[in-house]
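Here the structure comes first, spelled out in structure tokens, and everything after it is commentary.
The values are calculated or read from the model by the stated rules, or taken from the named source; none is laboratory data. Predicted, not measured: the structure shown is a model, and the values here were computed from it. Every residue, glycine as well, gets a Cβ built from its backbone with ideal geometry; the counts of neighbours run over all protein chains shown.
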Amino acid sequence: MWMRLTLALSFMGLVAHGQGNSIQFEMANMREDMRGLIQRVGELTLRVEQLERENAALRSGADNAAQTYVTVAQLNDAVADLNRIVKSSASASKSDILQEVNRKLSALAKQTNAAVESVAKGMAQRPAVQTTFSENYSQEGTSYTVQKGDTISSIAQKTGARMQDIINANKIGDPTRLQVGQTLFIPSAK
């Protein structure tokens with residue numbers, strides 16, 4: 001396009017020197033080029049206006065976005081506040097929990113003491129556990145497996161042996177504590 005403009009100026013100089021038809025032809029070409037340039041300038045003007053509107057919309061959006069987003073400092077402050085609240089709540093909860101645990105431990109201690117006293121009273125009322133055993137029983141006999149509900153007395157009646165001989169032969173310290181399935185030596189009657 002610039003080339004044509006340069007040529008047009010050159011031809012204007014020729015018109016002044018008397019070159020008739022070719023100058024008119026060149027003038028027509030220049031007018032056409034000028035119309036094309038004017039049209040192109042109009043299109044570019046419209047595009048610039050459109051870009052300015054888009055730019056204004058983007059600036060407005062950026063201003064709104066700046067108002068709606070929090071800064072890192074604001075976020076850090078909010079997190080610090082939450083941490084303080086959580087620590088305060090945790091401290092209060094710990095205190096409440098410790099009081100509840102203390103209360104339950106006191107109640108459990110009372111129950112344990114009562115149970116120990118009960119066992120101690122029961123032990124005082126029980127007959128003394130036999131710790132020495134006589135060897136004065138028959139060394140011959142049979143074996144017997146304790147069944148559910150058996151006592152030394154019932155076993156003695158079933159087998160015809162003496163209770164004391166069964167106790168001595170099996171070194172039973174507490175005759176009330178027979179176990180089902182336990183095998184006993186039953187001395188023969190003398």
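Computed values, structure above
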| quantity | calculated |
| --- | --- |
| Residue match in the range 37-58 (condition: surrounded by 10 or more Cβ atoms within 10 Å (Cβ to Cβ) and in contact (Cβ under 8 Å) with a residue 12 or more places away in the chain) | yes |
| Pairs, first outside the structural domain of A169 (by TED's automatic domain parsing) and at pLDDT 65 or above in the range 113-134, second in a loop (DSSP other than H, G, I, E, B) and not small (G, A, S), C-beta under 7 Å, six or more apart | F133/K171 |
| Residue among D81, D77, D96 that alone is under 42 Å from the mean Cα position of the chain (by Cα) and at pLDDT below 85 | D96 |
| Search result, residues across the range 132-163 that are part of a loop (DSSP other than H, G, I, E, B) and either within 60 Å of the chain's Cα centre (by Cα) or among the hydroxyl-bearing types (S, T, Y) (or both) | T132, S134, Y137, S138, V146, Q147, K148, G149, D150, T151 |
| Residue that is surrounded by the fewest Cβ atoms within 10 Å (Cβ to Cβ), among those in the range 145-190 that are touching a residue at least 40 places away in the same chain (Cβ under 8 Å) and hydrophobic (A, V, I, L, M, F, W, C) | A189 |
